[in-house]
Amino acid sequence: MPAPAIHTVRFEPLGVEMEVEEGETVLDAAFRQGISLMHGCKEGQCGSCKSRLLDGDIELLKYSTFALPDYESETNHVLLCRTHAFSDLTVELLNYDEDLLSRSIAVKEFDARVVGVRALTHDIRQLEVELEKPLRFWAGQYVDLTVPEKGITRAFSMASAPNSPTTLHFIIKKYPDGAFSSLLDGDLKPGDKLIAKGPYGTCFRREERSGPMILVGGGSGMSPLWSILADHIESGEQRPIRFFYGARTRADLFLLDELAAISSKLPDFKFIPALSHAQPSDEWHGESGFIHEAVGRHLRQEQLAGEIDSYSCGPPQMIDAVLPVLQMAGVEPDRIYFDKFTQPTR
């Protein structure tokens, strides 16, 4: 079988060049060579890797027109996660982060095994996995986990900090028809084999910054935020932290004892949960409504001093609602980091 043709991709305005094989996407080639481009779902659903083709022959795999509308594809915009090269390419990066590129980690595969699963709520599970060799990653990143026997692959953010590179924890929301999450109540047993591939993700903790840090999560968006928070504590850095978490009812809140312990340790930390569907039996006296509303109210009231970094992780509708609230509160666009948990297409 002949080796696949290899082409060169040049990224402007950085002048960075890399190789791409025919049959792999431009984004996968970048991951393989340790060039961390802006990305999100890797499946043509979110638009994070949107760029402009300046020169070369390509083919786009199937994608969502929400991520790349027709009027943009007509102006040579492409999604790098869907782009196959058939010649040398010149690509203009519309979104890039020099800090991200300087901290690139090449994506690799790791043999893994299940250690255990525990219930955090009626539909949230914590999965613990042991890797056969250490995974280097930044707090807030994710891996693709594959169950080889089932042929199922899903992306999950680490809940553990990078200082435990062979033992990973994941906070996962169960869905009734979830191909992977439905295995978490008995099908996945200690010792079962998994494959982890990564790290991926650009919503990771930026270090050595003194301004306030805003964390906003919903559902399993707790996972990468827990990693970011744990890594911050481990670093010994000091900064104001406001952790907003949206849930439906009191029964959907978890890790409350751990968060109370963190509150007692960190000098300027507040955990602010908001319930969108509080029940009378909840006897709830905290924030009500959607989490972006609570974020807006608190940031208006507090008027936090200093340059804010924000990390938002959760369903797309939550992210879409919270981003303008953060900008209205004066958070600079290049300090707004987010991870949209899009539904898988595979």
Residues that are crowded, with 22+ Cβ neighbours inside 10 Å and of a type in the set (S, T, N, Q), drawn from the stretch 302-344: 310, 312
Residue satisfying all of: in the stretch 179-201; buried (at least 17 other Cβ atoms within 10 Å of the Cβ) and of a type in the set (Gly, Ala, Ser); farthest from the chain's Cα centre (by Cα) among these: 181
Output for the stretch 202-232, where each listed residue is open to solvent by 30 Å² or more (accessible area, probe 1.4 Å) and in a loop (DSSP other than H, G, I, E, B): 207, 208, 209, 210
Any hit, the stretch 105-123, residues being of a type in the set (D, E, K, R), within 23 Å of residue 221 (Cα to Cα), open to solvent by 40 Å² or more (accessible area, probe 1.4 Å) and touching a Ser or Thr at 6+ places or on another chain (Cβ under 8 Å): no
Qualifying residue in the stretch 145-159 (condition: within 21 Å of residue 218 (Cβ to Cβ), out of contact with any Cys (no Cβ under 8 Å at 6 or more places or on another chain) and outside any strand (DSSP E or B)): yes
Output for the stretch 269-292, where each listed residue is open to solvent by less than 80 Å² (accessible area, probe 1.4 Å) and at positive phi: 289
Matching strands (runs of 3 or more DSSP E) fully within the stretch 233-346 where at least 1 residues are in contact (Cβ under 8 Å) with a residue 60 or more places away in the chain: 241-247, 309-314, 336-340
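Each row is one residue, and each column tells you yes or no for (1) part of a strand (DSSP E or B); (2) on the phi > 0 side of the Ramachandran plot; (3) open to solvent by less than 30 Å² (accessible area, probe 1.4 Å); (4) touching a Gly at 6+ places or on another chain (Cβ under 8 Å).
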residue: 8; (1), (2), (3), (4): yes, no, no, no
residue: 11; (1), (2), (3), (4): yes, no, yes, no
residue: 20; (1), (2), (3), (4): yes, no, yes, no
residue: 28; (1), (2), (3), (4): no, no, no, no
residue: 39; (1), (2), (3), (4): no, no, yes, yes
residue: 48; (1), (2), (3), (4): no, no, no, yes
residue: 53; (1), (2), (3), (4): yes, no, yes, no
residue: 68; (1), (2), (3), (4): no, no, yes, yes
Whichever residue in the stretch 70-99 is touching a residue at least 24 places away in the same chain (Cβ under 8 Å) and assigned to a loop (DSSP other than H, G, I, E, B) and, among such residues, is nearest to residue 22 (Cα to Cα): 86
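The values are calculated or read from the model by the stated rules, or taken from the named source; none is laboratory data. Source: prediction; values computed, not measured. Glycine gets a Cβ as well: all are built from the backbone with ideal geometry, and neighbour counts include every protein chain shown. Surface accessibility is based on the protein's heavy atoms, side chains included, excluding ligands, DNA and RNA. Shrake-Rupley method; radii C 1.70, N 1.55, O 1.52, S 1.80 Å.
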